[in-house]
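Colleague: The following block contains the structure, expressed as structure tokens.
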Amino acid sequence: MTPTMLEPEQQSDAVLLTFLRAEDEPTSSSAVEQLICVYAHPLIGDIIRNRLRVGHSADRDLTDEEAADLISEVTLKLVRRLRELKSDPSAKSIKNFRGYVAVTAYRACDEYLRKKYPKRYSLKNQLRYVLTHREGFAVWANDEGCLFCGFAGWKNQEHSMRRARLRELLDKQTLIPAFSSAKLSLPDLVAAIFNRNGEPLELDGLVSLVADLWQIKDDPSPSISIDDANTGYTDQANSRQQLDAKIDQRSQLEKLWAEICGLPPRQRVALLLSLRDANGRGVLTLLPLIGIASIRQIAEALAMSAEKLATLWNQLPVEDAIIAASLGVTRQQVINLRKCARERLWRRTRKSLGQM
């Protein structure tokens, strides 16, 4: 007898049931927004701010604004996954929504750090290899996806895991003088650190400690000069022209976005939510990809929360009737608002080009 396949709804976390059982788009969107605002957003923010150094100090990983953008990106990934879960009965269920949110946020942090600190990321990979291939070591995750490491016998010691960060910070100042001058292999160094600490460490804490011991530092990304950009081209003059053209094109897009943000609020909404290319595909989703505006900045321009925008993201471009309902106007008024917006942008951009 063939076993019955369970629907995602039957296997999924109970907090998702209202969304999965929604029979119309307004109810579905409202349920997604509730999931994001109540369950996901606070956890994402906590993980990013605990995992990365956020603020305006010299040793920060990212600014408050960059952290907000990263939170928006994680939120968008979650909304896409939820929409996939609802639309595709064969999609893998989410049995623990909070755990899924945490893992998604941790992965986003890892990807951010990989790009910003390639040397540290390489060291982390080396440590993970040692921990997973050398007998006697182990690496494991708690329910929220945070990775811990230690001797295999320590695995899943919840009481120790809660104290691990504090213990690691207290011991760091004594560990560095003790091991920095010793010429130990990486496995031997890891074993010495575990013996000294006496209980599990967060994997990121171990990476930071070994990076300090071995004086591994990532230099700030050097600025790209025109000569650097020309590497591989035989005609440097032509390459400079191409680079100048790309810079000019980006400058024009940034100016256009600034002009759009200066439009009256209702014109801005009518224009942005309906933007589409020649094939009818949404254009607004391209702006974060090319670095013109982040999801958070787009949400601010539309006078809505990033969570609300995330629920609309896969539906872009939005039909005029839906825009009209959100603004409390008629469909024809939406068309008129968009027309006025385009005429104003044309006048403003033409004036700007005339002054160059």
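Every number here is computed from the coordinates shown, using simple stated rules; none is lab data. If you're wondering where the values come from, they're calculated on a predicted model, not measured in any experiment. Don't worry about glycine lacking a Cβ; one is built from the backbone with ideal geometry, like all the others, and counts go over all protein chains shown.
Colleague: Ranked from highest to lowest mean number of other Cβ atoms within 10 Å per residue, what is the order of the peptides 38-46, 17-25?
Modeller: Sorting 38-46, 17-25 by mean packing, highest first, produces 38-46, 17-25.
Colleague: Which of LYS116/LYS217; LYS124/LYS217; LYS115/LYS217; LYS116/LYS308; LYS119/LYS217 have a Cα-Cα distance over 18 Å?
Modeller: From LYS116/LYS217; LYS124/LYS217; LYS115/LYS217; LYS116/LYS308; LYS119/LYS217, over 18 Å: LYS116/LYS308.
Colleague: May I ask for the distance between the Cα centers of the range 256-306 and the range 33-56, given as a whole number of Å?
Modeller: Each part's Cα centre sits 24 Å from the other's.
Colleague: Starting from the range 287-351, pick out the GluC sites (Glu not before Pro) whose DSSP state is loop and whose Cβ has at most 15 other Cβ atoms within 10 Å.
Modeller: Numbers: sites: GLU300, GLU307, GLU319, GLU343; in loops: GLU319.
Within the range 287-351, the qualifying GluC sites (Glu not before Pro) (loop, at most 15 other Cβ atoms within 10 Å) are GLU319.
Colleague: Report the percentage of all Cα-Cα pairs in the range 277-356 whose separation exceeds 14 Å, rounded to a whole percent. Show your work: numbers first, answer last.
Modeller: Working: 2309 of 3160 pairs.
That tail contains 73 percent of the Cα-Cα pairs.
Colleague: Right, another one. Taking 0.36 nm per intervening residue step and subtracting the Cα-Cα distance, what contour gain separates ARG134 from ARG331 on full extension?
Modeller: 64.3 nm is the gain from fully extending ARG134 to ARG331.
Colleague: What are the extents of the Cα atoms of the range 72-150 along their three principal axes, in Å, largest first?
Modeller: 43, 29, 19
Colleague: To continue, here is another question. Using amide H atoms built 1.01 Å from N in the peptide plane, name the residues 5+ places from VAL139, or on other chains, whose amide H lies under 5 Å from its own.
Modeller: Placed amide hydrogens put nothing under 5 Å from VAL139.
Colleague: Between ARG114 and ALA303, take the C-beta separation as r, use R0 = 45 Å, and let me know the FRET efficiency to the nearest 0.05.
Modeller: On the way: r = 35 Å, r/R0 = 0.77.
The computed FRET efficiency comes out at 0.85.
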